[in-house]
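Data first, discussion second: the structure below is written as structure tokens.
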Amino acid sequence: GDSVTQMEGPVTLSEEAFLTINCTYTATGYPSLFWYVQYPGEGLQLLLKATKADDKGSNKGFEATYRKETTSFHLEKGSVQVSDSAVYFCALEPNAGNNRKLIWGLGTSLAVNP
Amino acid sequence: GAGVSQSPSNKVTEKGKDVELRCDPISGHTALYWYRQRLGQGLEFLIYFQGNSAPDKSGLPSDRFSAERTGESVSTLTIQRTQQEDSAVYLCASSFSGPQYFGPGTRLTVL
């Protein structure tokens, strides 16, 4: 079945460091891909998405490119801030009918130190 | 506008008791999803509603779990005879042909 694998955390970085969180997926067809973020004490928020191969999603300085050839959707940010400390989840939405249930990775905790 | 709301935010119950969790989706969102997040694990899909019908209940872990939805509005997830392994954060999300928007979750603790 469909699945998402993302790198394990926790990831600890200094402010202004470069961030990569790896995400790979297994799916039939052409799923949509998402990154969600959960800040401490808050609910899940959509960070960015991509719906087809070679699309780049971007938001708040974060980017991820849908790579069908490597079945990947790695999250990157050039210069992290303390306020980026959160748990990041990669997810896919199978391209099948109206049911858009999301298949989730386990989440990667990021801590950014000043 | 108002986002997805869930109640209660926290629920502590004794093993064997029944619990009801409530979700109020964003107005106009026809699709509603329930997920469960157990400690240290990813989110697990439980059930999907389109309007008030549930075309996909494949994620419900056992017949102790049930859910219903009134029209395109409130949904309740009921867990009967709770067990300790039911302890988790239960998340609700809603959407209308776009990405899912999540509520803050209900943290359920079964003692």
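All of the numbers you see were taken from the coordinates with simple rules; none came from a lab. Owing to the predicted nature of the structure, the values given are computational and were not obtained by experimental measurement. Here the Cβ is made from the backbone with ideal geometry for all residues, glycine too, and neighbour counts use every protein chain on show.
For the reader, a short list of remarks on this structure follows.
- Farthest toward positive dipole pole in chain B [+1 Lys/Arg, -1 Asp/Glu at C-beta], among B:SER95, B:GLN6, B:GLY51: B:GLN6
- Taking N as its residue count, the alpha carbon Rg of the range A:52-105 over 2.2 N^0.38 Å: 1.31
- Above-threshold pairs, the threshold being 32 Å between Cα atoms, out of A:LYS68/A:LYS101; A:LYS49/B:LYS15; A:LYS77/B:LYS11; A:LYS49/B:LYS17: A:LYS49/B:LYS15; A:LYS77/B:LYS11; A:LYS49/B:LYS17
- The label-point distance for A:SER3 and A:THR70, in a model that sets each label 7 Å from Cα toward Cβ, rounds to 2.1 nm.
- Structure remark: mean-square fluctuation, Gaussian network model of chain B, C-alpha springs under 10 Å; the largest value among B:GLU68, B:GLU44, B:GLU14 belongs to B:GLU14.
- In plain terms, the residue of A:THR28, A:THR71 with the fewest other Cβ atoms within 10 Å comes first and the most crowded comes last, giving A:THR28, A:THR71.
- Listing B:LEU46, A:LEU75 from fewest to most neighbouring C-beta atoms within 10 Å gives B:LEU46, A:LEU75.
- For the range A:1-55, the Rg and Dmax computed from alpha carbons only, in angstrom: 13.6, 39
- Nearest-20 debye value, the protein assembly as shown charge dipole, Cβ charges on Lys, Arg, Asp, Glu: 340 debye
- In this structure, B:ARG22 and A:VAL82 have a Cβ-Cβ separation that, at R0 = 45 Å, corresponds to a calculated FRET efficiency of about 0.80.
- Cα-based shape type of the range A:13-114, given that a ≥ b ≥ c are square roots of the gyration tensor eigenvalues and the cut on a/c is 1.5: prolate
- Rounded, prolate or oblate (a/c below 1.5 giving rounded, otherwise prolate when a/b exceeds b/c) for the protein assembly as shown by Cα gyration tensor: prolate
- Which of B:ARG69, B:ARG22 has the fewest Cβ neighbours within 10 Å, and the rest in rising order: B:ARG22, B:ARG69
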